[in-house]
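This report concerns only the one structure given below.
The values are calculated or read from the model by the stated rules, or taken from the named source; none is laboratory data. In this text the structure is predicted, and so the values were computed from the model without any measurement. Because the Cβ atoms are built from the backbone with ideal geometry, glycine has one as well, and the counts that use them run over all protein chains shown. Note: accessible area is taken over every heavy atom of the protein model, side chains too, but ligands, DNA and RNA are not part of it. Shrake-Rupley method; radii C 1.70, N 1.55, O 1.52, S 1.80 Å.
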Amino acid sequence: MASVRLSNLSKRYEGNGTNVVDRINLSIEDGEFMVLVGPSGCGKSTTLRMVAGLESVSDGDIYIGPTIVNDMPPKQRDISMVFQNYALYPNMSVYENMAFGMRLRKTEKHIMDSSVKQSSRVLEIEHLLERKPRQLSGGQRQRVALGRALVRQPQVFLLDEPLSNLDARLRVQMRAEIVELHRQLATTTIYVTHDQIEAMTMGTRICIMKNGKIQQVGTPEDVYTRP
Ligand code: ADP
Ligand code: ADP
């Protein structure tokens, strides 16, 4: 586990003078489940992608634990990310999808096998390991995407609107499952959503963003019951 700290973090895109993320400061403690919430376009995804190393930092710093990671390639950050569209490889089996990151890192086969087995057991997808993504339901695909992110036991777990492609019933169920997973693993988590109910029911703390800035940070009670 590791803390994540954003210090005066900003992002500008080429040819656009304004900061889409504008000097934000945020500390996420070891083991915390932080939800970034706010309207579409407020900079949540860009913030998460900078933490993952998928976008460069324009100004400020990102710390993971004591280390500034601004210039560290994504692979070295000990982070896993789950995307809205799952980003599964269509031609690979569930097993191969889950093992992909470990294969890249040349993990030994028996370690890979036991990690995939363990994660797939937690997510109840053990019986699906030989299937291709197209042979899975939406909820199963989402579990595979979670499983792929979890097998490596990352220090930091990032989720970008992971439930927005699911129907309402499944969304409620998966919310509870992700919270339970976090309760078991206690991995430091940053979860992006535009859905206030999701934020309220999932986060140990919530960070409300608007126009690239942080408006408020606090527990769900702090943030949604204050007059
Ligand atoms: P959110 O995740 O809160 O919906 P984003 O972080 O995706 O918001 O986007 C923040 C702002 O940055 C938006 O105005 C968006 O149009 C802009 N943006 C995102 N990606 C790019 C890009 N690659 N180039 C230019 N502008 C971008
Ligand atoms: P989300 O709602 O998940 O944030 P978006 O539809 O905002 O997704 O963005 C999808 C992709 O397009 C992202 O990779 C984002 O960086 C990119 N993007 C968003 N806005 C712009 C923009 N104005 N110019 C270029 N790329 C953008």
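Normalised by the number of residues in the stretch 32-159, the average gap of Cα pairs under 8 Å and 6 or more apart makes the relative contact order 30 percent. Remark: spin-label model distance GLN135-GLN118 equals 2.7 nm, labels positioned 7 Å along the Cα→Cβ axis. If you run the Gaussian network model on the chain, springs between alpha carbon atoms under 10 Å, then out of VAL172, VAL151, VAL20 the most flexible one is VAL172. For the chain, the pair-distance distribution built from all alpha carbon pairs, in bins 5 Å wide starting at 0, is 1, 7, 15, 18, 20, 16, 12, 7, 3, 1, 0, 0 percent. Fully extending the segment from ALA186 to SER40, taken as 0.36 nm per residue of separation minus the present Cα-Cα distance, adds 49.7 nm.
Working value for the stretch 1-120: equivalent-ellipsoid semi-axes of 30, 17, 14 Å, each the square root of 5 times a Cα gyration tensor eigenvalue, largest first. For the chain, the antiparallel share of DSSP beta bridges with both residues in that region comes to about 50%. Only Cα pairs under 8 Å and 6+ residues apart enter the sum, and on that basis the relative contact order of the chain stands at 30 percent. Share of carbon and sulfur in the accessible area of the chain stands at 48%, probe radius 1.4 Å.
Just list whichever of LYS44/LYS109; LYS11/LYS210; LYS44/LYS106 have alpha carbons separated by over 25 Å in the model shown. Show your work: numbers first, answer last.
Values: LYS44/LYS109 37 Å; LYS11/LYS210 14 Å; LYS44/LYS106 33 Å.
With Cα atoms farther than 25 Å apart: LYS44/LYS109; LYS44/LYS106.
To the nearest ten degrees, helix 168-185 and the longest principal axis of the Cα atoms of the chain are 90 degrees apart.
Once you place label points 7 Å from the Cα toward the Cβ at SER164 and PHE83, how far apart are they in nm? Here the modelled spin labels are 1.4 nm apart. For the stretch 1-72, the share of alpha carbon pairs falling in successive 10 Å distance bins from zero is 20, 55, 22, 2 percent.
What is the sum of charges, Lys and Arg at +1 and Asp and Glu at -1, for the other residues whose Cβ falls under 14 Å from the Cβ of VAL172?
Working: positive: ARG169, ARG171, ARG175; negative: ASP167, GLU177, GLU180, ASP195, GLU198.
That sum, taken over residues with Cβ under 14 Å, equals -2.
Note on the stretch 156-227: Rg/Rh from Cα positions, Kirkwood definition for Rh, rounded to two decimals, is 0.96.
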